[in-house]
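Since the structure comes first, as structure tokens, the remarks are kept for the end.
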Amino acid sequence: VVVAHRNSGPLVYTLEAATSFMSEKKKLPTFITGLVKDAYIKGSWHSAPTPSLTKADVEETTGKVDFEWTAHGSATYKITAKGKFEYSIGSDEKIKYTGLVVRCSCPDGDRQAVKCLNTGELWVCKHAAAALDGVLDTAAEEQALNRKKRALEQAAENKIKRQKYESEQRQLQNESMPGERERILHGLKCLSAKDVVEAIKEKMKSVEGLKLVSDVFANDIMPLPRMKFCVRCNENYDDQYKNQRVCRVMHPEHCTREEWDGSKKSWTECERCGKSFNCSGMHDLDRNAIDDQGVWCFEGEHTDDRDLVDSEEWEKDYFA
């Protein structure tokens with residue numbers, strides 16, 4: 001049964017065994033409010049059976065959810081969905097879904113989590129997709145289709161307006177600064193990213209130059225620093241920037257060993273994560289070739305939880 005109870009916080013529905021709380025019994029939530037299929041991207045072509053829903057908590061006051069499932073495949077995996085599902089329409093007229101964090105403990109779940117961090121979109125493995133498919137808000141599907149239709153119509157209108165505005169601006173640019181637009185675009189195409197950054201830094205040495213650069217890189221593009229420290233990779237990072245959201249740790253040397261197949265094929269295996277890398281002598285047409293899975297032993301979210309990192313046993317001697 002689902003029991004509604006309150007300790008010191010908001011009212012929460014939890015799945016519990018039948019007890020003397022029968023008078024307070026509530027119906028187990030069977031969907032996540034507002035969740036539609038467009039909100040997540042399945043990163044695998046494979047399918048999976050519907051996992052077993054083992055937990056379905058919903059905070060009555062905030063609408064935040066805490067769902068858990070158990071999936072059975074080559075092993076038993078845990079899937080979680082936490083947060084408050086929301087949507088917004090961006091300046092590009094595209095519908096953006098945010099607020100829900102979905103994770104699966106399967107190997108592909110880790111890969112999809114990295115995609116989430118890099119793109120800001122909700123990528124999920126086959127197990128998580130099957131879990132979310134089972135808790136869709138069917139009543140919201142029609143609303144979602146209407147939102148998408150309105151967004152597409154608005155995007156088409158804005159595209160026409162934007163094209164007209166850009167055409168007018170190019171004409172004004174050519175009249176007031178003939179040839180400058182073409183010169184800058186040509187330079188950006190030919191210069192390396194490093195050269196462009198160095199040129200910007202050089203310009204910032206003067207007050208006038210800093211003002212120019214500040215106008216180009218406003219706060220919505222370059223916000224004030226919000227630094228954090230990850231106790232796993234021992235790096236500072238700013239999660240406002242996509243390229244700093246992923247924690248990466250290389251295979252520890254004490255966990256690896258070199259393997260050989262004959263005298264020409266070799267690779268390195270990491271006993272900690274089970275991945276192979278540094279492959280040599282492999283051929284694409286060889287069905288028995290070892291797949292090079294890269295130098296990263298871990299790719300995922302940064303953490304400040306030292307107990308979690310300790311439990312990952314980075315210092316363990318796998319050859320003892």
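Please label the shape of region 97-223 as rounded, prolate or oblate, based on the square roots a ≥ b ≥ c of the eigenvalues of the alpha-carbon gyration tensor (a/c under 1.5 means rounded; beyond that, a/b larger than b/c means prolate, else oblate). The shape class here is oblate. Given the pairs Lys194/Lys264; Lys115/Lys159; Lys42/Lys64, which are separated by over 32 angstrom at their Cα positions? In this structure, Lys194/Lys264 exceed 32 Å between Cα atoms. Placing unit charges on each Cβ (+1 for Lys and Arg, -1 for Asp and Glu) gives region 190-285 a dipole about its Cα centre, and among Met222, Ser192, His254 the Cα reaching farthest toward its positive end belongs to Met222. Ordering Ser74, Thr54, Thr98 by the projection of their Cα atoms onto the charge dipole of region 44-143, which places +1 on the Cβ of Lys and Arg and -1 on the Cβ of Asp and Glu, puts Ser74 at the extreme positive end. Alpha-carbon geometry of the chain: the Rg and the Dmax are 25.9, 82 Å, given in that order.
Can you bin region 232-320 into rounded, prolate or oblate? Criterion: square roots of the alpha carbon gyration tensor eigenvalues sorted a ≥ b ≥ c, rounded for a/c under 1.5, prolate for a/b above b/c, oblate for the rest. Oblate. Rolling a 1.4 Å probe over the heavy atoms of the protein chains gives region 61-149 an accessible area of 50 Å² per residue.
Summed over qualifying helices (DSSP H, 4 residues or more, each -39500 (n - 2.57)) and divided by its residue number, the chain shows a 222 nm mean residue ellipticity of -10000 deg cm²/dmol. Sort all Cα-Cα distances of region 152-194 into consecutive 5 angstrom bins from zero, then give the percent of pairs in each bin up to the one containing the longest distance. All Cα pairs considered, the percentages come to 5, 20, 15, 16, 15, 15, 11, 3. The packing ranking of peptides 96-107, 67-78, highest mean first, is 96-107, 67-78, where packing means the average number of other beta carbon atoms within 10 angstrom of each residue. When a 1.4 Å probe is rolled over the protein heavy atoms, the share of accessible surface on the chain that falls to carbon and sulfur comes to 52 percent. The chymotrypsin sites (Phe, Trp or Tyr not before Pro) of region 146-231 that DSSP puts in a loop, and whose beta carbon has at most 16 other beta carbons within 10 Å, are Phe217.
The values are calculated or read from the model by the stated rules, or taken from the named source; none is laboratory data. Owing to the predicted nature of the structure, the values given are computational and were not obtained by experimental measurement. All Cβ positions, glycine included, derive from the backbone under ideal geometry; neighbour counts span all protein chains shown. Only protein heavy atoms, including side chains, enter the accessible area calculation; ligands, DNA and RNA are left aside. Shrake-Rupley method; radii C 1.70, N 1.55, O 1.52, S 1.80 Å.
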